[in-house]
1. Applying a 10 Å radius around every beta-carbon, put 11-20, 255-264, 240-249 in order of their mean neighbour count, most first.
2. On the accessible surface of the stretch 134-181, probed at 1.4 Å, how many percent belong to carbon and sulfur atoms?
3. Under 15 Å from a label point 7 Å along Cα→Cβ of residue 309: give me every residue in the stretch 265-303 with its amide N that close.
4. Take the cross-link list 200/341; 255/290; 21/150; 255/309; 290/339 and give me the ones stretching past 22 Å between alpha-carbons.
5. Could you tell me what percent of the accessible area of the stretch 195-350 is made up of carbon and sulfur, with a 1.4 Å probe and every protein chain present?
6. How large is the accessible surface of residue 130 in square angstrom, using a 1.4 angstrom probe and rounding to the nearest 10?
7. Run the reach check for residue 227 against lysines, Cα to Cα strictly under 29 Å, same-chain hits fewer than 8 apart removed. What comes back?
8. Please work out the average accessible area per residue across the chain, using the 1.4 Å probe convention, and give it in Å².
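The values are calculated or read from the model by the stated rules, or taken from the named source; none is laboratory data. As the structure is a computational prediction, the values presented were derived from the model and not from experiment. Cβ placement follows ideal geometry from the backbone for every residue including glycine, while neighbour counts extend to all protein chains displayed. In case anyone asks, the SASA skips ligands and DNA or RNA and just uses the protein heavy atoms, side chains included. Shrake-Rupley method; radii C 1.70, N 1.55, O 1.52, S 1.80 Å.
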Amino acid sequence: QRQMCIRDRYRIFPTMYAKLKLPLGFQFTSRFTTRFDFRKRFDYEDSANPQWGHGGEVRRRHNQQTEWQFDNILNWDREFGQHRFAVTGLVNAEKIQTWYTDAQTSNLQPTEALGFHAMALGLNPSTDSDDQVVTRTALMGRVNYVFANKYHLSGSIRRDGYSRFGSENVYGTFPSVSAAWTLTSEGFMGGAPTFISFLKLRASWGINGNSSGLNSYQAYAQLSDSKWLNWDGGYFQAPYVRLNRMANPGLSWEKNAALNFGLDYGFWDGRLRGALDVYTSETTDLLLDKRLPTVTGFEIITTNVGNLKNTGFDLSVNAAIVKTSDFSFNSSLLVHFNKNKIVSLTGELV
């Protein structure tokens with residue numbers, strides 16, 4: 001009995017990187033990363049083992065995957081007296097492409113001596129292939145502003161594209177804003193109790209996009225193939241295809257809009273410190289599979305259905321109970337509360 005297996009895999013991950021200092025304090029960074037992954041798997045099992053059948057079985061599989069990611073970032077960070085600005089711009093593009101080929105056969109005639117080197121001798125051929133392409137793009141701009149190290153403002157906006165969404169909603173726009181106020185840097189805090197060493201108020205609002213869980217071409221119609229056994233003076237196999245998935249060109253980003261208010265505190269020169277955050281968020285256009293009526297001829301379709309709402313708070317307390325030059329003992333307390341509500345499932349309110 002003979003069994004032969006060959007497994008080869010080659011992976012290469014080169015990266016090119018450039019960083020430039022430009023006039024007026026601008027800095028430009030560019031990074032290009034590529035990934036190559038090549039695999040081949042050859043199998044031969046001879047006919048001496050009755051489980052492998054008369055004439056033996058052979059199989060050849062090839063995988064190839066190429067990826068690249070191109071990031072370009074522009075930064076500008078300057079101070080003017082008590083004013084400090086930090087500006088960031090981003091342009092990103094990514095692509096992943098895969099090829100897969102699988103060929104197998106059995107009952108090699110008149111000889112199986114060449115194994116998988118002579119697959120044309122097999123009388124029961126079967127082939128399969130799967131090629132996919134996935135692309136992403138992103139544009140982002142962000143501005144941070146600080147005045148007198150007391151007042152903090154930040155705003156950003158992203159424009160993301162993902163090829164796995166429907167043709168009508170490939171792109172999504174996601175803004176965010178935030179602000180913070182360091183109370184203990186204000187003059188009027190001079191009359192506050194001496195145990196208060198740090199107080200900072202925070203507020204933020206933003207929208208995030210989610211694309212996880214989608215397969216390639218899930219928003220597009222899909223054909224499946226099979227074969228009929230036809231008669232025309234004798235039986236012969238006739239291939240055919242059928243539509244087994246409905247297209248959804250409107251499939252779009254799942255979005256989460258969140259509002260957060262926070263307080264950072266420190267007492268007794270930081271011996272007791274922590275943060276309190278109160279938040280509310282709503283997730284809309286959930287990416288879910290929806291069951292279709294039988295009369296449509298399809299079972300399910302991936303679409304945007306359902307809204308979720310979360311409210312709650314997070315409290316953290318960190319205490320330096322004992323702190324000497326030779327020994328320290330710290331304690332932490334975390335309290336979380338969250339209320340999750342299903343606002344709607346299939347469009348109607350719950």
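1. Numbers: 11-20: 9.9, 255-264: 16.5, 240-249: 14.1.
Result, highest mean Cβ count within 10 Å first: 255-264, 240-249, 11-20.
2. Summing carbon and sulfur atoms, their accessible area is 58 percent of the total for the stretch 134-181.
3. 279-285
4. Values: 200/341 31 Å; 255/290 18 Å; 21/150 30 Å; 255/309 12 Å; 290/339 25 Å.
Pairs exceeding the cut-off: 200/341; 21/150; 290/339.
5. On the way: 5990 of 10280 Å².
Answer for the stretch 195-350: carbon and sulfur cover 58 percent of the accessible area.
6. Approximately 70 Å² of residue 130 is accessible to the 1.4 Å probe.
7. Qualifying lysines at Cα under 29 Å: 40.
8. 64 Å²
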